[in-house]
Amino acid sequence: MSNSDYKISVEVIPAYIEEQSHPDQGHYVFSYTVTIVNDGDIPAKLLTRHWIITDSMGDTQEVKGDGVVGEQPYLKPGEGFQYTSGTMMKTPVGSMTGSYQMLADDGIEFDAQIPEFYLVVPKTLH
């Protein structure tokens, strides 16, 4: 088996949800749309997720749980899965990163890394 057998690509597009946010109360809401694609050679199921959310004051939240949005998608080679979720922060700028724990059909468990992305209220950074 080679590492190319287990290759999951993850792309994330974040967005600020102004209508649910209350900046005067330190309440900033963001959504993020995640696209997960099995670029490997072996089908795999997403078992769990592990997110690390860091705000601009350095406060970190860790989120662990089964699946994503109540599902544990099973991805054959070339297949993808997309979902949208959200988070709340106390600052207008922050970042998220993490990993999905995957189980390949051959019984091998591996992590699919989620590249770090930034949550930024528009017009906050110049």
- Message: Any residue that is in contact with a His (Cβ under 7 Å, 6 or more places away or on another chain), buried (at least 17 other Cβ atoms within 10 Å of the Cβ) and of a type in the set (Gly, Ala, Ser) - is there at least one of those in the range 42-49?
- Response: no
- Message: Here is a list: GLU116, GLU62. Which entry is within 22 Å of THR35 (Cβ to Cβ) and without any contact (Cβ under 8 Å) to a residue 24 or more places away in the chain?
- Response: GLU116
- Query: Mind checking whether some residue in the range 32-43 is touching a Phe, Trp or Tyr at 6+ places or on another chain (Cβ under 8 Å) and closer than 22 Å to LYS90 by Cβ?
  - Reply: yes
- Task: Identify all residues within the range 23-46 that are in contact with a Ser or Thr (Cβ under 6 Å, 6 or more places away or on another chain) and among the β-branched types (Val, Ile, Thr); write none if there are none.
- Result: VAL29, THR33, VAL37
- Filtered residue count, the range 10-32, keeping only those that are surrounded by 14 or more Cβ atoms within 10 Å (Cβ to Cβ) and under 16 Å from the mean Cα position of the chain (by Cα): 10
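Could you run through the range 19-39 and say how many residues are of a type outside the set (A, V, I, L, M, F, W, C) and free of Cβ contacts under 8 Å to residues at least 60 places away in the same chain?
Our first condition is that a residue be of a type outside the set (A, V, I, L, M, F, W, C); within the range 19-39, this holds for 19-28, 31-33, 35, 38-39.
Cutting the leftovers down to free of Cβ contacts under 8 Å to residues at least 60 places away in the same chain gives us 19-20, 22, 24-25, 31, 33, 35, 38-39.
Total satisfying the criteria: 10.
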- Query: How many residues does the range 51-108 contain that are out of contact with any Ser or Thr (no Cβ under 6 Å at 6 or more places or on another chain), of a type in the set (Asp, Glu) and either part of a loop (DSSP other than H, G, I, E, B) or surrounded by 13 or more Cβ atoms within 10 Å (Cβ to Cβ) (or both)?
  - Reply: 4
- Message: Yes or no: the range 3-16 includes at least one residue that is in contact (Cβ under 8 Å) with a residue 12 or more places away in the chain, more than 14 Å from PHE81 (Cα to Cα), in contact with a Leu (Cβ under 8 Å, 6 or more places away or on another chain) and assigned to a strand (DSSP E or B).
- Response: yes
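Readers should treat all values here as calculations from the given coordinates under stated rules, not as data from a laboratory. These numbers come from a predicted model, not from an experiment. Note: ideal-geometry Cβ built from the backbone for every residue, glycine included; neighbour counts use all protein chains shown.
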